[in-house]
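Visitor: Here it is, the structure, as structure tokens.
Quick note: the coordinates plus some simple rules give every number you see, no bench work behind them. Computed from a prediction, not measured in an experiment: that's the story for all the values here. Note that we place each Cβ from the backbone using ideal geometry, even for glycine, and neighbour counts take in every protein chain shown.
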Amino acid sequence: MTSAASTALPVYISSLTKDYGAFRAVDDVSLDIAAGEFLTLLGPSGSGKTTLLMMLAGFARPSAGSVRLGEQEVIHLPPHKRNIGMVFQNYALFPHMTVGENIAYPLKLRSIGKAEREARVHRVLDLVQLAGYQDRRITELSGGQRQRIALARAIVFEPRILLMDEPLSALDKQLREAMQIEIRRLHDRLGTTTISVTHDQREALTMSDRIAVFSRGKLAQVATPPELYERPASRFIADFIGESSFIPVKKTSSGLAYGDQPLRLAEAFDAASGDPVLMLRPERLDIVAPGEVARDNCTNVFCGLAKSVVFQGESLLVEVGLDQGDVVLVRQSNRTREATKRLAAGDRVDLVLHQADARIVSAEG
Ligand code: ATP
């Protein structure tokens with residue numbers, strides 16, 4: 001297998017729309033994907049991810065818009081002329097063929113000779129760490145092995161683009177996590193432009209260079225995993241990526257406040273962009289004894305009562321009822337066993353939020 005980095009293509013999606021009768025499944029999506037990038041389409045069920053992928057593959061015809069692979073407009077090309085590798089949930093392996101025959105199939109379709117087919121099958125089996133499996137039957141493979149063979153079949157003809165739709169959803173958690181790392185490693189070696197669909201935010205965070213979050217057919221935000229986590233564009237994104245609690249804040253003459261407490265924020269909030277709420281990531285709140293930490297110019301302190309303390313192994317999840325009536329979640333690391341042992345439901349606590357972690361998001365969107 002040669003590296004695809006030199007042949008990888010950028011993908012330009014422009015104003016792409018898909019209507020099913022009166023229902024708009026994909027709504028005016030524009031997105032540029034760099035050559036060699038790993039981009040994940042993430043969003044709740046029904047948000048339009050698969051429909052977009054199907055339009056890229058050529059299985060669904062757009063109602064409007066354009067898709068270019070490099071310089072070439074492909075909207076009118078049938079799937080087999082797009083030279084795209086695909087790993088789809090419903091794009092199963094052929095059970096009556098051996099592993100080697102499955103992988104060689106796309107090469108046969110392209111009239112590649114037997115010797116070259118065999119050489120490529122060996123190389124790609126090596127790559128997915130299943131060297132020597134070419135004569136096995138598909139039914140003799142585990143779920144993870146089948147998924148790797150599906151991947152091998154998708155990359156063996158050195159496609160310009162690789163599309164994957166929930167490639168790991170049938171696997172159990174442990175195998176899924178191992179495969180996420182493996183697919184990413186393979187991507188780094190091959191350099192193929194890859195677009196993957198998932199509704200699993202952890203999978204998206206683990207594998208992607210950038211994540212495109214969908215909501216009701218529209219693109220809600222496109223960003224790198226850390227950007228998306230640290231600076232979500234809206235409450236919807238903050239809620240979808242990672243855990244969060246939200247508390248309402250009010251506008252005052254000097255900024256934003258929670259109750260009568262002025263907030264020290266990481267960044268000024270543009271008051272014009274909808275109702276603001278304060279996003280609280282559970283791991284960014286510190287629990288201290290009442291009065292232990294003083295409010296100052298770079299610290300926010302909220303007073304409350306621990307409602308429940310749940311041991312979850314690597315961390316403790318604490319539900320805190322703030323005096324203003326809002327309930328927030330706090331995750332305390334179990335690194336400092338002594339500190340976590342002392343906390344119990346019913347304790348009065350203060351929550352400390354550093355200015356750098358105090359982010360306002362718009363309640364809308
Ligand atoms: P999931 O994570 O559940 O697979 P998704 O984000 O991939 O969801 P799509 O499969 O793209 O969502 O579907 C988007 C919307 O379009 C859904 O409301 C779906 O019901 C609708 N839809 C998809 N295919 C068709 C079709 N052939 N006819 C009518 N509506 C469709």
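Visitor: Based on DSSP H runs of at least 4 residues, each adding -39500 (n - 2.57), what is the mean residue ellipticity at 222 nm of the chain after dividing by all its residues, to the nearest 500 deg cm²/dmol?
Guide: Roughly -7000 deg cm²/dmol at 222 nm, from the helical runs in the chain.
Visitor: Would you look at the GNM of the chain, springs on alpha carbons closer than 10 Å, and say which of PHE246, PHE214, PHE94 moves the most?
Guide: It is PHE94.
Visitor: Which is farthest toward the positive dipole end of region 245-362 among LEU278, LEU351, GLN312, measuring Cα position about the Cα centre, with Cβ charges +1 (Lys, Arg) and -1 (Asp, Glu)?
Guide: Comparing the listed Cα positions along the dipole, GLN312 ranks first.
Visitor: Also, I was wondering about something else. Could you tell me the distance between the Cα centroids of region 303-320 and region 22-76, to the nearest Å?
Guide: 42
Visitor: Which whole-angstrom value gives the distance between the alpha carbon centres of region 82-105 and region 136-152?
Guide: With region 82-105 and region 136-152 each reduced to a Cα centre, they are spaced 10 Å.
Visitor: Read phi for every residue in region 191-205 and hand back ³J(HN,Hα) as whole Hz from Karplus 6.51 cos²θ - 1.76 cosθ + 1.60, θ = phi - 60°, with x for Gly and Pro.
Guide: Once θ is set to phi - 60°, the couplings for region 191-205 become x, 6, 4, 10, 10, 10, 10, 8, 10, 9, 5, 5, 4, 5, 5 Hz.
Visitor: Report the full-extension gain for the segment PHE59 to GLU227: residue separation times 0.36 nm, less the Cα-Cα distance, to one decimal in nm.
Guide: Gain on extension, PHE59 to GLU227, equals 57.2 nm.
Visitor: Continuing with this model, one more query. Looking at region 192-256, which trypsin sites (Lys or Arg not before Pro) are in a loop (DSSP not H, G, I, E or B) and have at most 15 other Cβ atoms within 10 Å?
Guide: Of the trypsin sites (Lys or Arg not before Pro), the ones in loops of region 192-256 whose Cβ has at most 15 other Cβ atoms within 10 Å are ARG216.
Visitor: Can you compute 3J(HN,Hα) from phi for each residue in region 277-294, using the Karplus curve 6.51 cos²θ - 1.76 cosθ + 1.60 with θ = phi - 60°, rounded to whole Hz and x for Gly and Pro?
Guide: These are the phi-based 3J(HN,Hα) values: 10, 8, 8, 10, 6, x, 7, 9, 9, 9, 9, 10, 5, x, x, 5, 10, 8 Hz.
Visitor: Which residue, GLY242, LEU256, PRO226, has the largest displacement toward the positive end of the dipole of region 222-262 when charges sit on each Cβ (Lys, Arg +1; Asp, Glu -1)?
Guide: Of GLY242, LEU256, PRO226, it is LEU256.
Visitor: Just the C-alpha atoms of region 11-235: what Rg/Rh do they give, with Rh taken as the Kirkwood radius?
Guide: My calculation puts Rg/Rh at 0.97.
Visitor: So, one more: Figure the gain on full extension for TYR12 and GLU364 (residue separation times 0.36 nm, minus the Cα-Cα span) and round it to one decimal in nm.
Guide: So the extension gain works out to 123.9 nm.
Visitor: Pick from VAL74, VAL318, VAL310 the residue whose mean-square fluctuation is largest in a GNM of the chain, springs joining Cα atoms under 10 Å.
Guide: Result: VAL310 has the largest fluctuation of those listed.
Visitor: Between LEU316, LEU168, LEU52, find the one with the highest GNM mean-square fluctuation for the chain; connect C-alpha pairs within less than 10 Å.
Guide: LEU316
Visitor: Then there's this: For a footprinting-style exposure proxy, rank CYS298, CYS303 by other Cβ within 10 Å, fewest first.
Guide: So the ranking, lowest neighbour count to highest, is CYS298, CYS303.
Visitor: Using unit Cβ charges (K, R positive; D, E negative) and no other charged atoms, how large, in debye to the nearest 20, is the dipole of the chain about its Cα centre?
Guide: 1160
Visitor: Still on this structure, I have one more. Compute, for region 245-362, the length of the dipole vector about the Cα centre, with Cβ point charges of +1 (Lys, Arg) and -1 (Asp, Glu) only. Units Debye, rounded to 20.
Guide: 200
Visitor: Under 5 Å between amide H atoms, partner at least 5 residues away or on a different chain: which partners does ALA64 have, H built in plane at 1.01 Å?
Guide: For ALA64, whose amide H was placed from the backbone, the distant partners under 5 Å are THR17.
Visitor: For ASP28, put the label point 7 Å out on the Cα→Cβ axis and report which residues of region 219-260 keep their amide N under 12 Å from it.
Guide: Those under the cut-off are 219.
Visitor: GLY255's amide H: which non-local residues (gap 5+, or another chain) put their own amide H closer than 5 Å, with H modeled 1.01 Å from N in plane and none for Pro or chain starts?
Guide: none
Visitor: With θ set to phi - 60° and the Karplus curve 6.51 cos²θ - 1.76 cosθ + 1.60, what are the ³J(HN,Hα) couplings of region 215-229 in order, to the nearest whole Hz, using x for Gly and Pro?
Guide: Values per residue, Gly and Pro as x: 9, 6, x, 10, 7, 8, 6, 10, 6, 5, x, x, 4, 5, 6 Hz.
Visitor: Report the FRET efficiency, 1/(1 + (r/R0)^6), for GLU243 and LEU305, where r is their Cβ-Cβ distance and R0 is 22 Å, rounded to 0.05.
Guide: So, using R0 = 22 Å, E works out to roughly 0.60.
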